[in-house]
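Below: the structure, in structure tokens.
What follows is calculated from the coordinates using simple rules that are stated; it is not laboratory data. Keep in mind that this is a model prediction, so the values were computed, not measured. Cβ coordinates were reconstructed from backbone atoms using ideal geometry, including for glycine residues, and neighbour counts include every protein chain displayed.
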């Protein structure tokens, strides 16, 4: 009898634990793909501020897949090298009155590919290998490069010597590798310009879009952020049309490079980007309120709670979006690639995002960004002109 009761207790305990696991599983995010466009493999920018290079080149690699050109693997360090060359020169020309940093913009990629061409990954040393690492690590690199640029830019000399740029170029070559003037790939000789031409990409086909009220809609303006140091122009759309472009693009087979702010508590390392309505969440937190939202709670606690399962989200308005930008709450933190749409277990849709932080994450390098998050925290996107609905393109003069 004892044996039977023990067995029954074990079975009951096992069933209870299974039910609890199932309940926990149901409470988490469950995604179903609605539309997924082809992309290349996920890379890892590691300890480098080069998300702009990985996301923009990943976008153009996806464009070539869309165009039926096959799979390409472009060299991010070539793009970084050329961009840092130009940014150093611009910083010196402005006597240090602009920011020299690791960051960049999608326009850096467009400018580079148009003026300098591009090369395959194999045509330069693998990122990190020149200084004994297996991935990019710019800690030592930029601790040397920034002071070099600053010393020249803020020099009190009345005239620069003709060799001022040589030590900067030597540092770039030492850490990133020399940019080849010519290389052989798949048995054929190329220059960066001829390789670029072979892809069939036309940089004039791509535009940057944004949505802010401090400039007129349906016009172009320079987004005022430090990493837009080339002063690239973006077309300005009302928020509803901006979102319409993004949704329509994905559903019609297009991807786009996505610049966004990822500093919010709704952006987790577990692959979720949401804008929870914190007040509504607090009201339903019950006895867990103090743990998640009390004075003793940490940002990590709140972030975990706000991104562990579907929760009510804020309704984003144009005014909210503008206020967040004007108050420095929305900045150009991170560049990624949006390539699909998925729905959670409640039917709510999210954009599927390719990140550049490697694959050691819950969704193997994919993030799911709610439409509320995208509406609120997008700085700008880079997209093919043909992906824009015709009625909106007409308003932009495209």
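Does anyone have the angle between helix 2-27 and the longest principal axis of the chain? Alpha-carbon axes, 0 to 90°, nearest 10?
Approximately 40 degrees, to the nearest 10.
For segment 63-221, just say rounded, prolate or oblate: build the C-alpha gyration tensor, square-root its eigenvalues into a ≥ b ≥ c, call rounded for a/c under 1.5, and beyond that prolate if a/b exceeds b/c, oblate if not. Intermediate results must be reported in sequence, preceding the final value.
Working: a/c = 1.96, a/b = 1.16, b/c = 1.68.
Oblate is the answer for segment 63-221, as a/c is 1.5 or above yet b/c matches or exceeds a/b.
If I model a spin label as a point 7 Å beyond the Cα along the Cα-Cβ vector, how far apart are those points for residue 163 and residue 248 in nm?
In this crude label model, residue 163 to residue 248 measures out at 5.8 nm.
Multiply the residue gap between residue 218 and residue 73 by 0.36 nm, knock off their C-alpha separation, and tell me the result in nm, one decimal place.
Full extension from residue 218 to residue 73 adds 48.7 nm.
Going by average Cβ density within 10 Å per residue, which order do the peptides 356-369, 249-262, 311-324 take, highest to lowest?
Descending packing order for the listed peptides: 249-262, 356-369, 311-324.
Residue separation times 0.36 nm, minus the C-alpha to C-alpha distance between residue 31 and residue 299: what's the value?
93.9 nm
Taking Cα atoms, how many degrees apart are the long axis of helix 51-66 and the longest axis of the chain, rounded to 10 and kept between 0 and 90?
80 degrees
Taking every pair of alpha-carbon atoms in segment 319-398, what share in percent sits in each 5 Å bin, from 0 to the bin with the longest distance?
3, 12, 17, 19, 21, 18, 8, 2, 1
List the residues of segment 180-217 whose backbone N lies under 13 Å from a point placed 7 Å from the Cα of residue 326 along the Cα-to-Cβ direction.
Only 212-215 fall inside the zone, counting backbone N under 13 Å.
Can you figure out the FRET efficiency of residue 203 with residue 346, using R₀ = 30 Å and their beta-carbon distance, to the nearest 0.05?
0.15
If I fit a long axis through the Cα atoms of helix 166-176 and take the longest principal axis of the Cα atoms of the chain, what angle between them do I get, 0 to 90°, rounded to 10?
Tilt relative to the chain: about 40 degrees.
Distance in nm between label sites at residue 279 and residue 362, each 7 Å beyond Cα in the beta-carbon direction?
Roughly 2.7 nm, to one decimal.
For residue 240, project a label point 7 Å along Cα to C-beta. Then give me every residue of segment 307-325 with its amide nitrogen under 13 Å of that point.
The answer is 317-318, whose backbone nitrogens lie closer than 13 Å to the label point.
Compute the distance in nm between two label points, each set 7 Å from the Cα along the Cα-to-Cβ direction, one at residue 173 and one at residue 66.
Label-label distance for residue 173 and residue 66, simple model: 3.9 nm.
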